[in-house]
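Beneath this line is the structure, given in structure tokens, with notes to follow.
The values are calculated or read from the model by the stated rules, or taken from the named source; none is laboratory data. Computed from a prediction, not measured in an experiment: that's the story for all the values here. Reconstructed Cβ throughout: ideal geometry from the backbone, glycine too, with neighbour counts over all protein chains shown.
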There are 2 protein chains.
Amino acid sequence: MTTLNDKFTALGAENAPGQELRQDLGEVDKMMRGEKLEGNFVDFSHGDVDAFPPPSEAVQEWMRGYEMGGKQAYTQYRGSASILKKTAERLSKFTGCKIQANQELIITPGSQGALFLALGATVESGVKVAIVEPDYFANRKLVSYLGGTLVPIPLNYQDNSLKRGIDLDVLEEVFKSGTKVFVFSTPNNPTGLVYSREAINKIATLALTHDVTLIVDQLYSRLLYGGETYTHLCACKNVPKNLITIMGPSKTESLSGFRLGVAFGTSWLIERMERLQAIVSLRAAGYNQAVLNSWFQEPSGWMKKRIGEHEAIRDTLLKIFNSSGLPTATPQAGSYLFPKLPPLEVDIELFVKLLRYQAGVVVTLGSEFGPTTNQSVRLNFSQDHKSAIDAAKRIVEMVQRYKR
Amino acid sequence: MTTLNDKFTALGAENAPGQELRQDLGEVDKMMRGEKLEGNFVDFSHGDVDAFPPPSEAVQEWMRGYEMGGKQAYTQYRGSASILKKTAERLSKFTGCKIQANQELIITPGSQGALFLALGATVESGVKVAIVEPDYFANRKLVSYLGGTLVPIPLNYQDNSLKRGIDLDVLEEVFKSGTKVFVFSTPNNPTGLVYSREAINKIATLALTHDVTLIVDQLYSRLLYGGETYTHLCACKNVPKNLITIMGPSKTESLSGFRLGVAFGTSWLIERMERLQAIVSLRAAGYNQAVLNSWFQEPSGWMKKRIGEHEAIRDTLLKIFNSSGLPTATPQAGSYLFPKLPPLEVDIELFVKLLRYQAGVVVTLGSEFGPTTNQSVRLNFSQDHKSAIDAAKRIVEMVQRYKR
């Protein structure tokens, strides 16, 4: 029997993105090889909303929401009916799914909030949950906290892999042997792999056949690079009976400071999620909800420009890492790179601290995303172009200094 | 064994404050006795932030936060270090407790978020939790969701009661028989009763003796009426080993639309709460956190005026209800009234729907706050003065029409 103490020990947040500043650097200065590396401090643990600011319409909508007063401060728990209506229309258009605003959509405090509610609505002690490795770090933590049992599904994400993606035969096996929930992100966080049309269709069919609830995190689906195609699971022919899709404007649109996410799908699950939200945080902050009025309404060309700018950073960083012995798969969407480091003379935990102290670069440990990727680090390259490239070069220099 | 399905059935949110608009009114029009009652629609389920607007400094601080950009968008999960520092100082001054900003304080999405995190950090399957009846509705729902066992503590809140407050002998008994957590609000929601100095001291001592974790919801402690005194548990001599105090600017300060709350107390519990927040919603919305810079910094006289205006509404409504056969205790703090209705010819659930449909008045069912108060209704009288009084008169008229 897992005790609450065990659960919270497993929930360690000190290596989670953004928490680095709470770490004690200890005597890291005495471990340094060579001098400090000069350059702008770059925090790759999350995107830089100063380099890629939110569309200006967002804060205008926020002000309008604030000025609406009480009506916007106190919405129903799942969110303002009028904002749900607009958002459902725009999400329906984007995804190709038909979303009933009043029954199949909820606004949450960030897509993290949506993930918590979706898993909270489906996972209890003993429920088997299939989790991709690597995948978004909170998925595993959430399942453990809720008492579920992790069923790992390995992801082949290297460019040279013959079969990029998950092994669908493995997935079928675990669905057959009692897995009740499958949660995954596409584009995958941390690798940027986009699940193929074939994979998505097969996942949907398998879930339908074996009565598995699907929770699909599509947070980065708008930041899709040239030549790539994206398949929305909710628009498949064989939509599974129980499906929740998660999105939000925190990443590509740089609206993370508002804590806004959405989940849409099966109405009884959305109903449960609202009941849970009612005791967890009541609702996404009322005035902030109004920001969604500007979502999918960015000025003409805005998204294209944003994607192009990210693609340019991506391509340069890929060249830097791949030519320096840090193999890095090409993300098809999103702004994460997940380079693998060569064997080092120091623990990777210490190396990451040295990176911060000596080279002014924050990255996230690969072990946060699964047990099989503990020699990788994740970078969110939504940063100032030049600073990102200089910082990537410092990472390479640091690897040279510390490699075995 | 409680299943997830049982849990969510028990989490019904359709009668929760603010959710009334999702209710199907059914054929309530056919049940009406007499005509509709004219008047401004008044929603007593929550305060009216248009009648009592936030201090204007709040939105100015919000704009400053937004303009800070990335630094304010991505704070550590427990909240921005600089805002924690300021807030700790001001809360220390207000409560008389010494709060270490870096270890003993967390910013949460509303005080609801703080309650969830505090109970989530302490309650698991089988843990006995003492809950006052009546008390804030989410307390009971949270304990049930987390698998804890409710141990009811009755509250004597009527003015004519010889011993207002909880029976401390009952509390000692349940502490002796294995209760591990005691959660309660002072001022009590829904009655406005403020726990006496003697009661608070005794609760602290009992918790220390029997190693019970205390979670004290002090959300309304700033709106204290003339002649009343307030005792902060955290400033007692015998502070229990494990204590979390919850506050927030959502009510008196009308900042609910920002979803901001705080919890302070025992550092290992705050640490757990941060870990849980990391998987539930990451953090209170970054820009919104900046609003706390204006908290406890209201212009001179602002709070006094606000309290005076509420006291005037309170006194008039008390007169209306108490002189019309709806016995109502005098709240010592906060903006709730909890009148008891006489026996009616219709179910109280139907009566509350009729109130909305026929009289344009929304109130919250007393059954939300505990099983013993299902003939009462709760009103948040933080409303436009005249509208509130007119609406109270319509409630009295409706009681006349439907009473047995």
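Based on this model, can you work out whether A:V346 counts as outside the structural domain of A:S254 (by TED's automatic domain parsing) and surrounded by 23 or more Cβ atoms within 10 Å (Cβ to Cβ)?
Numbers: outside the structural domain of A:S254 (by TED's automatic domain parsing): yes; surrounded by 23 or more Cβ atoms within 10 Å (Cβ to Cβ): no.
Spelling it out, it is not the case that A:V346 is outside the structural domain of A:S254 (by TED's automatic domain parsing) and surrounded by 23 or more Cβ atoms within 10 Å (Cβ to Cβ).
Is it true that A:S267 is in the same structural domain as A:T122 (by TED's automatic domain parsing), at pLDDT 95 or above and crowded, with 20+ Cβ neighbours inside 10 Å? When the stated conditions are applied, A:S267 does not pass them.
Within the range A:5-32, being over 18 Å from the mean Cα position of the chain (by Cα), within 7 Å of another protein chain (Cβ to nearest Cβ) and either of a type in the set (D, E, K, R) or closer than 16 Å to A:D43 by Cα (or both) holds for A:L21, A:R22.
Number of residues in the range B:179-232 that are surrounded by fewer than 19 Cβ atoms within 10 Å (Cβ to Cβ), hydroxyl-bearing (S, T, Y) and more than 22 Å from B:S92 (Cβ to Cβ): the value is 3.
Within the range B:86-142, the set of residues being within 9 Å of chain A (Cβ to nearest Cβ) and over 16 Å from B:L219 (Cβ atoms) comprises B:N102, B:G120, B:A121, B:T122, B:V123, B:E124, B:S125, B:V127, B:K141.
Of the residues in the range A:266-316, how many are among the basic types (K, R) and under 30 Å from B:V280 (Cβ atoms)? It would help to see each step written out before you state the result.
Pass one, the range A:266-316, residues among the basic types (K, R): A:272, A:275, A:283, A:304-306, A:314.
Now restrict to residues that are under 30 Å from B:V280 (Cβ atoms): A:272, A:275, A:283, A:306.
So the count comes out to 4.
Restricting attention to the range B:392-404, the residues that are within 12 Å of B:D43 (Cα to Cα) and not in a helix (DSSP H, G or I) total 0. The residues of the range B:233-262 that are of a type in the set (V, I, T) and buried (at least 20 other Cβ atoms within 10 Å of the Cβ), listed by number, are B:I244, B:T245, B:I246, B:T252, B:V262.
Taking the range A:62-81 on its own, how many of its residues are assigned to a helix (DSSP H, G or I), within 7 Å of another protein chain (Cβ to nearest Cβ) and surrounded by fewer than 24 Cβ atoms within 10 Å (Cβ to Cβ)? Can you show your working first?
To start, the set of residues in the range A:62-81 that are assigned to a helix (DSSP H, G or I) comprises A:62-68, A:70-73, A:81.
Filter once more, keeping what is within 7 Å of another protein chain (Cβ to nearest Cβ): A:66, A:70, A:72-73.
Going one step further and asking which of them are surrounded by fewer than 24 Cβ atoms within 10 Å (Cβ to Cβ), we end up with A:66, A:70, A:72.
Result for the range A:62-81: 3.
Test B:G47 against the criterion of being buried (at least 21 other Cβ atoms within 10 Å of the Cβ), in a loop (DSSP other than H, G, I, E, B) and more than 9 Å from chain A (Cβ to nearest Cβ), and give yes or no. Before the answer, list the steps.
Values: buried (at least 21 other Cβ atoms within 10 Å of the Cβ): yes; in a loop (DSSP other than H, G, I, E, B): yes; more than 9 Å from chain A (Cβ to nearest Cβ): no.
The answer is no for B:G47.
Is it fair to say A:G39 is closer than 30 Å to A:L255 by Cα and within 9 Å of chain B (Cβ to nearest Cβ)? It is false that A:G39 is closer than 30 Å to A:L255 by Cα and within 9 Å of chain B (Cβ to nearest Cβ). May I ask you to list the residues in the range A:297-316 that are within 9 Å of A:P55 (Cβ to Cβ) and assigned to a helix (DSSP H, G or I)? Result: A:W302, single match.
Annotation: of all residues in the range B:12-34 being among the aliphatic types (A, V, I, L, M) and at pLDDT below 85, the one that is farthest from B:G126 (Cα to Cα) is B:L25. In the set B:A284, B:A290, only one residue is closer than 30 Å to A:S144 by Cα, crowded, with 24+ Cβ neighbours inside 10 Å and within 14 Å of chain A (Cβ to nearest Cβ); that residue is B:A284.
Taking the conditions exactly as written (under 24 Å from A:E368 (Cβ atoms), part of a helix (DSSP H, G or I) and not β-branched (V, I, T)), does B:R275 satisfy them or not? Spell out how you get there, then give the answer.
Working: under 24 Å from A:E368 (Cβ atoms): yes; part of a helix (DSSP H, G or I): yes; not β-branched (V, I, T): yes.
Against the criterion (under 24 Å from A:E368 (Cβ atoms), part of a helix (DSSP H, G or I) and not β-branched (V, I, T)), B:R275 qualifies.
Of the residues A:E298, A:E271, the single one that is under 22 Å from the mean Cα position of the chain (by Cα), of a type in the set (D, E) and either within 14 Å of chain B (Cβ to nearest Cβ) or within 26 Å of A:M63 (Cα to Cα) (or both) is A:E298. Only a single criterion out of (1) in contact with a helix residue (DSSP H, G or I) (Cβ under 7 Å, 6 or more places away or on another chain); (2) assigned by TED's automatic domain parsing to the domain that holds B:L162; (3) crowded, with 22+ Cβ neighbours inside 10 Å; (4) touching a residue at least 24 places away in the same chain (Cβ under 8 Å) is not satisfied by B:I279, namely (4). Summed over the range A:287-346, the residues that are under 24 Å from A:E397 (Cβ atoms) and acidic (D, E) give a count of 2. Number of residues in the range A:297-340 that are surrounded by fewer than 17 Cβ atoms within 10 Å (Cβ to Cβ) and of a type in the set (F, W, Y) equals 1.
Give me a count of the residues in the range B:364-391 that are assigned to a strand (DSSP E or B) and surrounded by fewer than 23 Cβ atoms within 10 Å (Cβ to Cβ).
Going residue by residue through the range B:364-391, those that are assigned to a strand (DSSP E or B) are B:364-365, B:376-380.
So of that shortlist, the ones also surrounded by fewer than 23 Cβ atoms within 10 Å (Cβ to Cβ) come out as B:365.
Final tally of qualifying residues: 1.
Scanning the range A:147-178 for residues that are within 14 Å of another protein chain (Cβ to nearest Cβ) and surrounded by 20 or more Cβ atoms within 10 Å (Cβ to Cβ) turns up just one, A:G148.
For the residues B:R90, B:R78, the requirement of being touching a strand residue (DSSP E or B) at 6+ places or on another chain (Cβ under 6 Å), in contact (Cβ under 8 Å) with a residue 12 or more places away in the chain and either hydrophobic (A, V, I, L, M, F, W, C) or assigned by TED's automatic domain parsing to the domain that holds B:K237 (or both) singles out B:R78. Inside the range B:94-123, can you point out the residues that are surrounded by 23 or more Cβ atoms within 10 Å (Cβ to Cβ) and part of a helix (DSSP H, G or I)? The answer is B:G110, B:S111, B:Q112, B:G113, B:A114, B:L115, B:F116, B:L117, B:A118, B:L119, B:G120.
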